[in-house]
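Asker: Before I ask anything, here is the structure I am working with.
The values are calculated or read from the model by the stated rules, or taken from the named source; none is laboratory data. The shown structure was predicted, so the numbers you read here are calculated from the model rather than taken from an experiment. Ideal geometry is used to build each Cβ from the backbone, glycine not excepted, and the neighbour counts take in all protein chains shown.
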Amino acid sequence: FDEANGSLLWKVNPSPFDATKNYGSLAVGEQKIFVGIGQRLVALDATSGITRWTYFLGNSSDNPALAYGIVFIGSGNSFYAFGSEIAVSEFSEVITPVLLGIAVVFLTVLIWNRKTKRECSKQL
């Protein structure tokens, strides 16, 4: 939307990104808008709405977060860190969504895998 008068500047059709399955919040920065849509992380140009890049995550995506020029997003059992121009690192052993709001961590973070439910073969 235009800041001055509120008029629509552009819009994006989410169908090519399989948005019927999952979509969520946006992260904005680096002249881009980052959104997890379906099984993808999509980077849109903030001025024109043109798709700058997409990355197939392989599982439903959580909401992205942006800090210091790095986009963070969880998907399945993985946690990804992207540079705004698509360099990616994948960290495994994450079993729950990590990004629930705006947060920036300045200290060491421990991420581990732990099952929290009991497997039961008998019905009680």
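Asker: Quick check on my filter: what residues within region 43-93 are at pLDDT below 85 and charged (D, E, K, R)?
Answerer: Asp62, Glu85, Glu90, Glu93
Asker: For region 50-70, which positions are out of contact with any Pro (no Cβ under 7 Å at 6 or more places or on another chain) and assigned to a loop (DSSP other than H, G, I, E, B)?
Answerer: The answer is Ile50, Leu57, Gly58, Asn59, Ser60, Asn63, Pro64, Tyr68, Gly69.
Asker: Quickly run through region 1-42 and pick out the residues that are at pLDDT 85 or above, outside any loop (DSSP other than H, G, I, E, B) and aromatic (Phe, Trp, Tyr).
Answerer: Selection gives Phe34 alone.
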